[in-house]
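The structure under discussion appears below in the form of structure tokens.
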Amino acid sequence: MFNRDTWQEIFLSIKKNKLRTFLAGFTVALGILIFVSLVGLTNGLRNTFEEFFNDDATNTFFLFAGRTSMPYKGYKSNRRIEFDNSDLEDIKKNFAMFLEYVTPRISRSALTKYKEESNNYNTRAVGPGHQFNEKTIMMKGRYLNERDIEDKTKYAVIGRLVEQDLFGTKNAIDKYIDIGGSVFKVIGVFQDDGGDNEERYIYIPYTTRQLIEKNTDKIDQIILGFKPEIGYAGAMAFQTSLDKFLRDKKYISPQDPNGLFIRNVADQLKQNQQFANILAYIASVFALGTLIAGIIGISNIMVFVVKERTKEIGIRKAMGATPKAVISSILIESVFITTIFGYLGMLIGLAVLNSIGTKLEDFFIKNPYINTTVAIIATIFLILFGALAGYIPARRAAKIKPIVALRDE
């Protein structure tokens, strides 16, 4: 293998047959490049799924009230269902063993002012547990607490970009802002990994919002977090029990699809993960198919190469070359070409994935990547089969008698 004459012969053969060498190498490089790209893009798709769901807590139920679509127990259809404070207390009382927190959410939009600055922002009237649901990160001050809820305080927690818009470089803590005609004291500034839109919200106590709206006790939406230790099966059982409890309380038919909605984030997460896994399996099949296509391509080229060199092999055997020497020469050349171009294709693929970054976010692909070990193994796999692709025709050619090889056209 390390014979100087053998390597001189290999480089001379490559130099004399540049097109043949390029075609063989291009097949290998393209196969590895496509494999690395497919696997990397699939991982980028998984990154998007994980980021989308990890922005908020996944052990969460979102409860929405709707309008009934069928009569039930004397109540007519098209009846509007509403949540109120008693629903919060009943859920806490009857499902305490499952719960980590319960929070209402009342969403409104209002013109918000500070001195000469103003803008329209969405406000969310919530409870303390909402911080865990949204994974809100406090930058300054504090979040809303139970005392704020009980005292119906006019305190506000604003997003980072709200502070930036209204206060510029000044500190917003302990300043007073006008939200829809009511004055609130800023007690905290938060950031959110969910993006700019999430950082333009303003949080206030839900009891304060109810007080402003003629002392009502109505709630738009209920969010609750269940204990992670109950697991997926426990979460599904909890959802069924909660759904039945609220339907019984609000006189909604068990068959009515419109009166009550429960969005189980854990279930949705599992379904989307399954979807992402299916896409990954499909991409893996295509990636494996690409490798196989590369193997077939290099095999066909090596068959052609050996056939083209049949007369040369006959001359070498007539001059005393052994079948082993003939096979070794062709085999080393095959491995050399596939190794160089294989690793070149792998490096190009890695560079392409690294350059994409967040450029394909609109197509739900973010920071695509491939485990370097997987890329190297795939390249070695193709090199080994490239060697096998060269060995089989070389072995067949080495068995041909010199006189027969010299007659080959």
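Simple spin-label estimate for SER109 and SER241 gives 4.0 nm between the two label positions (7 Å along the Cα-to-Cβ direction from each Cα). Surface calculation, 1.4 Å probe, protein heavy atoms: ASP362 sits at approximately 130 Å² accessible. Contact order for segment 320-382, expressed relative to its length and based on alpha carbon pairs under 8 Å spaced 6+ residues apart, stands at 32 percent. The distance from the alpha carbon centre of segment 92-112 to that of segment 146-186 is 20 Å, rounded to a whole number. Taking θ as phi - 60° and the Karplus parameters 6.51, -1.76 and 1.60, the scalar couplings of segment 336-343 work out to 4, 5, 5, 5, 4, 6, x, 6 Hz in sequence order, x denoting glycine and proline. Summarising the label geometry, the points placed 7 Å from Cα in the beta-carbon direction at LEU288 and GLN255 lie 4.7 nm from one another.
Calculated FRET efficiency, ASN215 to LYS135, Cβ-Cβ distance, R0 = 56 Å: about 0.95 to the nearest 0.05. Stretched out straight at 0.36 nm per residue, the stretch from ASN120 to ASN171 would grow longer than its current Cα-Cα span by 16.4 nm. In plain terms, the chain from ASP362 to PHE22 could stretch by 118.7 nm, reckoned as 0.36 nm per residue minus the Cα-Cα distance.
Ordering 89-97, 367-375 by mean Cβ neighbour count within 10 Å, with the highest value first, yields 367-375, 89-97. Seen through its C-alpha gyration tensor, with square-root eigenvalues sorted a ≥ b ≥ c, segment 183-275 comes out oblate because a/c lies at 1.5 or above while a/b is not bigger than b/c. With a Förster radius of 51 Å applied to the beta-carbon distance between GLU100 and ILE340, the computed FRET efficiency rounds to 0.35.
Calculated FRET efficiency, ILE230 and VAL374, Cβ-Cβ r, R0 30 Å, to nearest 0.05?
Efficiency, from the Cβ-Cβ distance: 0.25.
The values are calculated or read from the model by the stated rules, or taken from the named source; none is laboratory data. Computed from a predicted structure; not experimentally measured. FYI the Cβ positions are ideal-geometry reconstructions off the backbone, even for glycines, and counts take in every protein chain you see. Quick note on the areas: whole protein, heavy atoms, side chains included, nothing else; ligands and nucleic acids left out. Shrake-Rupley method; radii C 1.70, N 1.55, O 1.52, S 1.80 Å.
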